Amino acid sequence: MLLHSSGIAIAGVPAVPDTDKGFDDPIPQGEFDELFIPLKRVQNLFLVEARVDSLIGNFILDTGAPHLVLNKTYFTEGRKAEGEGVSYGITGGGNTILNTTIDSLIITDMFYTNVDADIVNLGHLEDARGVKILGLLGASLFKEVEMEIDYRNNLLILYKLDKEGNRIVGNERTQLPDVDMSIDITNDIIFMDVVAAEKKLRFCLDTGAERNVISNTLSNKIIKHFQLTTPGGLTGSNGNSQLILNGQMDSVIIGGKSFVAMPFILTNLNYLQLVYDTNINGILGYDYLSKGIVTINHKKEAINHVFLY
């Protein structure tokens, strides 16, 4: 799921409501124990250079997408998706999704073979950024490795894991994490508990979201802690639009740590809840993730975050 804040926010990650489409989990291959991958920052998005079959280009690192997504501009051949086969974002559906299986996906010294993918139109993202985007690297690609994302230094480090989910190398920790907590993985999407107004909420952790988001359907007891800054408009890839409010939550608690005046946008998440087929109260994106170094371990269903002040 993608949002940008240059006047208009775009809900750009398409997905189908039937998230259990029988896609096989891709298995990372390659001769590495730890892999250092440069991230290219474009506004509040982070891109990874990768190769799909014979085509090389930029892919958005996007744990808010369940799996690999390819841009219809460059990948035109596919089969119609099962079920409704229509893409959805925050503002709703409208774009038809195709499915395909690529021969190979290569990210530096790591590669995958016979990877299932969605094909959707991502032209609106390219237009907004002025950069060629071949697709999205979704969460299922990283289930067998530990991800360490250093937003300050624009670096992604992937660690191979043993059967228990421990790193084969690089186990030493130079700094204790500020947040160390369990996560829930539903349909390949990462969910975390966030506390606001003494109520536990369910948030998606999304490396492809340029803003934090909180649902406007929450109770008034919670919404009254949202402090408005400026209004704005939200336009999705299908042309639908809805009102968003820009502001901040006076206090939220994540992993036992309190965050004061954290930026959020307030909008309706009903469509996204349909996509993920689970309850969702909000999204933690760049505004949270950019505070330091985030480590995600799917096997242990755990996340930790070291903040760099």
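Computed quantities for the displayed model
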quantity	calculated
Residues of segment 241-309: accessible area per residue with a 1.4 Å probe, Å²	37
Difference of contour (0.36 nm per residue) and Cα-Cα distance, S219 to D25	66.1 nm
Relative packing of peptides 177-188, 217-228 - highest average C-beta neighbours within 10 Å first	177-188, 217-228
Cross-link pairs beyond the 19 Å C-alpha cut-off, checked among K40/K299; K40/K132; K143/K300; K199/K224; K160/K291	K40/K299; K160/K291
Estimated inter-spin distance, Y74 and A261, nm [label 7 Å along Cα→Cβ]	4.1
Accessible-area composition of segment 112-151, carbon plus sulfur, in percent [1.4 Å probe]	35
Under the Karplus curve 6.51 cos²θ - 1.76 cosθ + 1.60, θ = phi - 60°, whole-Hz ³J(HN,Hα) for segment 136-148, x wherever Gly or Pro sits	10, 8, x, 5, 5, 5, 10, 5, 9, 10, 9, 9, 10
Formal net charge of residues neighbouring K72 (Cβ-Cβ distance under 12 Å; K, R +1; D, E -1)	-3
Förster-model FRET efficiency, 51 Å R0, D53 and M181, C-beta, rounded to 0.05	0.85
P(r) weight above 18 Å for segment 242-301, C-alpha pairs, percent	49
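The values are calculated or read from the model by the stated rules, or taken from the named source; none is laboratory data. None of these values were measured; they are calculated from a predicted model. Glycine gets a Cβ as well: all are built from the backbone with ideal geometry, and neighbour counts include every protein chain shown. Ligands, DNA and RNA are excluded from the accessible area calculation, which covers all protein heavy atoms including side chains. Shrake-Rupley method; radii C 1.70, N 1.55, O 1.52, S 1.80 Å.
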